[in-house]
């Protein structure tokens with residue numbers, strides 16, 4: 001599995017560009033991914049804040065994560081423009097019958113596959129060797145492009161999970 005996602009991020013966006021990550025409840029199929037990319041492209045073309053065009057970016061990563069990014073160096077994203085992005089993601093949920101807002105399933109790379117594990121089962125997975133302290137974890141709590149580049153895909157031991165799971169410390 002090629003985990004070098006950074007090569008797909010826009011180079012001309014500021015490091016402090018705002019980022020939103022939506023994790024799908026399942027992988028998008030190939031046909032769905034093509035349709036989804038059309039929806040994301042259309043949204044970015046029409047994304048405005050206070051009547052000004054937002055310099056935006058949207059893409060599907062690893063078949064499971066929608067990443068939205070706004071470079072606010074020219075146009076600051078307002079509440080209304082953020083709401084429009086949430087409406088678009090809710091429409092994606094409806095069109096593809098897929099959950100995009102569950103925060104209780106955490107994603108990891110296990111044996112070159114993305115595995116989603118409910119938070120309530122992470123400790124069990126660690127204790128029984130399904131996950132290890134060095135297992136790569138998708139840290140969807142990041143909020144800037146720089147954080148995305150450096151801290152989105154990190155070992156469990158370097159994530160917020162280390163404080164919740166004693167066996168990882």
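The values are calculated or read from the model by the stated rules, or taken from the named source; none is laboratory data. Keep in mind that what you see is a predicted model, and the values were worked out from it rather than measured. All Cβ positions, glycine included, derive from the backbone under ideal geometry; neighbour counts span all protein chains shown.
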Of the residues in region 29-44 that are over 30 Å from residue 75 (Cα atoms) and out of contact with any helix residue (DSSP H, G or I) (no Cβ under 6 Å at 6 or more places or on another chain), the one that is surrounded by the most Cβ atoms within 10 Å (Cβ to Cβ) is 29
Here the residues within region 48-59 that are buried (at least 19 other Cβ atoms within 10 Å of the Cβ) and either at pLDDT 95 or above or under 19 Å from the mean Cα position of the chain (by Cα) (or both) are 55, 56, 57, 58
Residue count, region 122-153, condition out of contact with any helix residue (DSSP H, G or I) (no Cβ under 6 Å at 6 or more places or on another chain) and under 26 Å from residue 69 (Cα atoms), comes to 14
Checking 98, 109, 66 in turn, the sole residue that is out of contact with any strand residue (DSSP E or B) (no Cβ under 9 Å at 6 or more places or on another chain) and either within 19 Å of residue 154 (Cβ to Cβ) or surrounded by 15 or more Cβ atoms within 10 Å (Cβ to Cβ) (or both) turns out to be 98
When region 1-18 is checked residue by residue, the ones that are within 13 Å of the chain's Cα centre (by Cα) and either farther than 17 Å from residue 154 by Cα or assigned by TED's automatic domain parsing to the domain that holds residue 141 (or both) are 9, 18
